[in-house]
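Student: Input: one structure, supplied below.
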Amino acid sequence: IHAGSWADPPGFAGLAHFHEHMVFLGTDKYPGENEYDAYLSTNGGFSNAYTADEDTNFYFECLSNALEGGMDRFCQFFRCPTFDKEMVDREVRAIDSEHNNNVPIDGRRLNQVFKRGLRSDHPGSGFSTGNLETLLPPSRSTDELHEALVKFRSTWYRTDRMTLAVQGTQSLDELEKMVVDTGFGEIEGMNDGSVAESALEAAEAVKAGKKVRSDVPRFKYGNGNPFTVTEGDETSEPGPGLDGGVAGVMRWVVPVNDRREVSLVFPLDGAADQDGKPHRYVTHCLGHEGPGSLLDILQAKGWAESVSAGVSLMNDDCHAFKLGVQLTEAGEANLDGVLDLVFETLALMREVPTDEALCNEMAAMAQMEFTYQDQVAANRYVSRLASNLYDYEPASVLSGPVLIDPKAITEGVKATTDRLTPSNAIITVSSTAVKKRYEEAVAAGPDSAAAKEWSTERWYGTVFQES
């Protein structure tokens, strides 16, 4: 479903996640709360789901001879969930418990601090998982939350935002018939003439060779991506101090666990290039571990254990690249030196022409990876395919995410490397040294100037400082 936490309505943080939970708790055709899970368990299967920024993905796996029964039950999630009011309070508390279990996880804490720094009117700055406070505060009744839940479903769970992938031992004709017979073709569409009125109409359009990717709705959030800030009628590009320091800033985050890490996130222009994949070239160069690489130089100085790089945000209206360095104790003590080497490497990438031979080699390796790919678990495979169907035309849905056009890489790399600059970087340091510095500030007294330089993020209680 192309709707996730960024579709949460104002005042209902976590509603998309809550909706994901509620559809599992019974449908008109199969009202039993545990009927779906019991059927899958009896037939050697299981199910799961996740809510991302702009997507919610549901999937299941079972024995081949039980696939049709599983699909029949699964389909009802999107046709007639009961949304029993008596289960609302209990499921909100389950989400609250889930959030409480996530609170000590440093990855989630760091991500929420990052989100907090985005443009305040962009949904990316919100609290995606939700908890008791956001979903069912004392001022809100269960009836009000239930009404919001039903409205969320009618707004977003429509055929123009849905994709379906099915894998089985049956023939393609048998699988297609199974999709029709279990009711997927009867899920409501938008009925406004702009898109197919049913899933069957969409399927027929694909068979006819119609390009459907250009027809699917895309999210647009006000004045653009979360890394820009609008003042009056003018929209500024990412830069120092925007919206409280969106880019060109440094954050010091107190971790829960022992860690030494510095990460750099660079906002990029527009959405990701799905076909050219220039970011893969940049990722390859920065993540290379051979002689003369960034990691090689850092390790020679005893400053780093590992380097990672890649796209960290890839949504309809925004795209960001992240470089991370796992530091040694010496690297933590020489952070300025580490960052100098990082930015020297990035400057060199901007100056040196794209290596055409490397582009061709990467394309050849991608072709081999696609041709000789390992078999993956069925549930992972269909989950991935369903996501790909929204970003690639049907004819490219299997190969598109893997294959690379070397010419497009050459043409697209500069647009990426031009944004990997100090003034466009969101630098985050999370380490035991930061924790020690915070503890020393608190020891000076809660009203001391040193203590007042630190802030606390609302939902995870993460302590951080910006400079």
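Student: Cβ-Cβ under 8 Å, sequence separation 6+ or interchain: first residue in the range 81-98 and closer than 22 Å to Glu35 by Cβ and among the polar types (S, T, N, Q), partner open to solvent by less than 50 Å² (accessible area, probe 1.4 Å) and not in a helix (DSSP H, G or I). Which pairs?
Tutor: Thr82/Gly26; Thr82/Thr27
Student: Could you list, in sequence order, the residues of the range 4-17 that are out of contact with any Asp or Glu (no Cβ under 7 Å at 6 or more places or on another chain) and in a loop (DSSP other than H, G, I, E, B)?
Tutor: Hits for the range 4-17 are Asp8, Pro9, Pro10, Gly11, Phe12, Ala13.
Student: What residue, of Ala377, Ala386, Ala357, is aliphatic (A, V, I, L, M) and out of contact with any strand residue (DSSP E or B) (no Cβ under 9 Å at 6 or more places or on another chain)?
Tutor: Checking each option against the conditions leaves just Ala357.
Student: Further question on the same structure: Residues in the range 72-94 that are in contact with a helix residue (DSSP H, G or I) (Cβ under 6 Å, 6 or more places away or on another chain) and either open to solvent by less than 60 Å² (accessible area, probe 1.4 Å) or among the acidic types (Asp, Glu) (or both): how many?
Tutor: Residues meeting the conditions: 10.
Student: Quickly run through the range 108-143 and pick out the residues that are of a type in the set (A, V, I, L, M, F, W, C) and either under 26 Å from Cys318 (Cα atoms) or open to solvent by less than 10 Å² (accessible area, probe 1.4 Å) (or both).
Tutor: Leu110, Val113, Phe114, Leu118, Phe127, Leu135
Student: Does Ser154 satisfy the criteria of being part of a loop (DSSP other than H, G, I, E, B) and free of Cβ contacts under 8 Å to residues at least 12 places away in the same chain?
Tutor: Answer is no for this residue.
Student: Determine the pairs where a residue that is modelled with pLDDT of 95 or more, located within the range 330-344, has a partner that is exposed (fewer than 14 other Cβ atoms within 10 Å of the Cβ) with Cβ atoms under 8 Å apart, the partner being 6 or more residues away or on another chain.
Tutor: If the second residue must be exposed (fewer than 14 other Cβ atoms within 10 Å of the Cβ), the pairs left are Ala330/Gly302; Gly331/Gly302.
Student: Which one of these is within 28 Å of Gly183 (Cα to Cα) and open to solvent by less than 50 Å² (accessible area, probe 1.4 Å): Glu35, Glu54?
Tutor: Going through Glu35, Glu54 in turn, just one is within 28 Å of Gly183 (Cα to Cα) and open to solvent by less than 50 Å² (accessible area, probe 1.4 Å): Glu54.
Student: Among the residues of the range 293-321, count how many are in a loop (DSSP other than H, G, I, E, B) and open to solvent by less than 60 Å² (accessible area, probe 1.4 Å).
Tutor: Count: 5.
Quick grid of which residues meet (1) open to solvent by 70 Å² or more (accessible area, probe 1.4 Å); (2) outside any helix (DSSP H, G or I):
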| site | (1), (2) |
| --- | --- |
| Gln375 | yes, yes |
| Leu389 | no, no |
| Pro401 | no, yes |
| Ser423 | no, no |
| Pro446 | yes, yes |
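Student: Hey, another quick one. What single numbered condition from (1) under 29 Å from the mean Cα position of the chain (by Cα); (2) at pLDDT 85 or above; (3) of a type in the set (Gly, Ala, Ser) fails to hold for Gly183?
Tutor: So Gly183 meets the others, but not (1).
Student: Can you name the residue in the range 144-172 that is closer than 24 Å to Ser383 by Cβ and among the basic types (Lys, Arg) and is also most open to solvent (accessible area, probe 1.4 Å) among such residues?
Tutor: Arg153
Student: Evaluate the range 222-236: report whether one residue or more is at pLDDT 80 or above, in contact with an Asp or Glu (Cβ under 9 Å, 6 or more places away or on another chain) and open to solvent by less than 10 Å² (accessible area, probe 1.4 Å).
Tutor: No; the residues of the range 222-236 include none that is at pLDDT 80 or above, in contact with an Asp or Glu (Cβ under 9 Å, 6 or more places away or on another chain) and open to solvent by less than 10 Å² (accessible area, probe 1.4 Å).
Student: Taking the range 18-40, which residues are in contact with a Cys (Cβ under 8 Å, 6 or more places away or on another chain) and either assigned to a loop (DSSP other than H, G, I, E, B) or closer than 21 Å to Ala148 by Cβ (or both)?
Tutor: Passing the criteria: Thr27, Asp28, Lys29.
Student: On to the next question. Please find, among Asn101, Asn43, Asn65, the residue that is touching a Cys at 6+ places or on another chain (Cβ under 7 Å), open to solvent by 30 Å² or more (accessible area, probe 1.4 Å) and free of Cβ contacts under 8 Å to residues at least 60 places away in the same chain.
Tutor: That would be Asn43, the only listed residue that is touching a Cys at 6+ places or on another chain (Cβ under 7 Å), open to solvent by 30 Å² or more (accessible area, probe 1.4 Å) and free of Cβ contacts under 8 Å to residues at least 60 places away in the same chain.
Student: Scan the range 327-345 and give yes if some residue there is farther than 16 Å from Glu411 by Cα, in contact with an Asp or Glu (Cβ under 9 Å, 6 or more places away or on another chain) and hydroxyl-bearing (Ser, Thr, Tyr), otherwise no.
Tutor: yes
Student: While we're on this one: Which of the residues that make up the range 134-176 are of a type in the set (Val, Ile, Thr) and either at pLDDT below 95 or within 18 Å of Cys80 (Cβ to Cβ) (or both)?
Tutor: Scanning the range 134-176 gives Val150, Thr155, Thr159, Thr163.
Student: Please indicate, with yes or no, whether at least one residue in the range 26-41 is out of contact with any Ser or Thr (no Cβ under 8 Å at 6 or more places or on another chain), at pLDDT 95 or above and of a type in the set (Phe, Trp, Tyr).
Tutor: yes
Student: Tell me yes or no: at least one residue of the range 286-306 is modelled with pLDDT under 95 and closer than 30 Å to Asp391 by Cα.
Tutor: yes
Student: Residue by residue through the range 342-354, note down the ones that are buried (at least 19 other Cβ atoms within 10 Å of the Cβ) and within 14 Å of Ile427 (Cα to Cα).
Tutor: Residue satisfying the conditions is Val342 alone.
Student: May I ask you to say which residue of Glu411, Glu453, Glu457 is modelled with pLDDT of 90 or more, acidic (Asp, Glu) and over 24 Å from the mean Cα position of the chain (by Cα)?
Tutor: Glu453
The values are calculated or read from the model by the stated rules, or taken from the named source; none is laboratory data. Quick caveat, the model's predicted, so the values are computed rather than measured. Here the Cβ is made from the backbone with ideal geometry for all residues, glycine too, and neighbour counts use every protein chain on show. Quick note on the areas: whole protein, heavy atoms, side chains included, nothing else; ligands and nucleic acids left out. Shrake-Rupley method; radii C 1.70, N 1.55, O 1.52, S 1.80 Å.
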